[in-house]
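The values are calculated or read from the model by the stated rules, or taken from the named source; none is laboratory data. The structure displayed is predicted, hence computed values, not measured ones. Glycine also receives a Cβ, built like all others from the backbone with ideal geometry; neighbour counts cover every protein chain displayed.
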Amino acid sequence: MNDAAETIVRIRLDKWLWHARIVKTRTLAQKLIEAGDVRVNGTRVTQSAHKVGPGMTLTIAVAGRIRVLEILGIGARRGPAPEAEALYLDLSPIVPPAPRRDLPPALREPGAGRPTKKERRDTDRLRS
């Protein structure tokens, strides 16, 4: 007996990345996968047609950071962001913000480079 509830629904990896709004286009998803930047359950995947489904964990190196996502559902379409966020659970480690560096203003020799606003006003005053 084939019960519809027992059937595991799966979708192409590139299509899921696009539906979940991890990348902007399917072409970018394919390039990301072919570059070896995506792992499914810890195994590197290099084929866009690799099937993924709920319960699987993706590790993705995208936009200069590592994202760990657990797939919760399969999207029927590329919908709005709230709908896309419901497709996965983000397990990524929290990246602390970069330390803020308060640098002093750059110094320059008087008369070197472009005049400052004050110097321009002084020059205008002299001319009029």
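The single residue among Arg67, Arg44, Arg26 that is more than 29 Å from Pro96 (Cα to Cα) and among the basic types (Lys, Arg) turns out to be Arg26. Residue count for the stretch 16-39 under the criterion of being in contact (Cβ under 8 Å) with a residue 12 or more places away in the chain, surrounded by fewer than 18 Cβ atoms within 10 Å (Cβ to Cβ) and either within 17 Å of Arg67 (Cβ to Cβ) or touching a Lys or Arg at 6+ places or on another chain (Cβ under 9 Å) (or both): the result is 4.
Conditions (1) over 21 Å from Arg10 (Cα atoms); (2) touching a Gly at 6+ places or on another chain (Cβ under 8 Å), marked per residue:
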| position | (1), (2) |
| --- | --- |
| Ile66 | yes, no |
| Ile71 | no, yes |
| Ile74 | no, yes |
| Glu85 | no, no |
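Pairs meeting the criteria (first residue in the stretch 78-99 and closer than 22 Å to Gly55 by Cα, second residue surrounded by 13 or more Cβ atoms within 10 Å (Cβ to Cβ) and at pLDDT below 90, beta carbons under 9 Å, at least 6 apart or on different chains) are Glu83/Gly75; Ala84/Gly75; Ala86/Gly75; Leu87/Gly75.
Yes or no: Pro105 surrounded by 10 or more Cβ atoms within 10 Å (Cβ to Cβ), more than 20 Å from Leu32 (Cα to Cα) and out of contact with any Phe, Trp or Tyr (no Cβ under 9 Å at 6 or more places or on another chain)?
On the way: surrounded by 10 or more Cβ atoms within 10 Å (Cβ to Cβ): no; more than 20 Å from Leu32 (Cα to Cα): yes; out of contact with any Phe, Trp or Tyr (no Cβ under 9 Å at 6 or more places or on another chain): yes.
No, not satisfied.
Selection of the stretch 51-78 for residues being over 9 Å from Trp16 (Cβ atoms) and of a type in the set (A, V, I, L, M, F, W, C) yields Met56, Ile60, Ala61, Val62, Ala63, Ile66, Val68, Leu69, Leu72, Ala76.
The lone criterion from (1) at negative phi; (2) surrounded by 15 or more Cβ atoms within 10 Å (Cβ to Cβ) left unmet by Ala61 is number (2). Does the stretch 91-98 include one or more residues that are loosely packed, with under 10 Cβ neighbours inside 10 Å, out of contact with any Leu (no Cβ under 6 Å at 6 or more places or on another chain), of a type in the set (A, V, I, L, M, F, W, C) and over 30 Å from Lys24 (Cβ atoms)? No: zero hits.
Within the stretch 111-124, being in a helix (DSSP H, G or I) and surrounded by 10 or more Cβ atoms within 10 Å (Cβ to Cβ) holds for Glu119, Arg120, Arg121, Asp122, Thr123.
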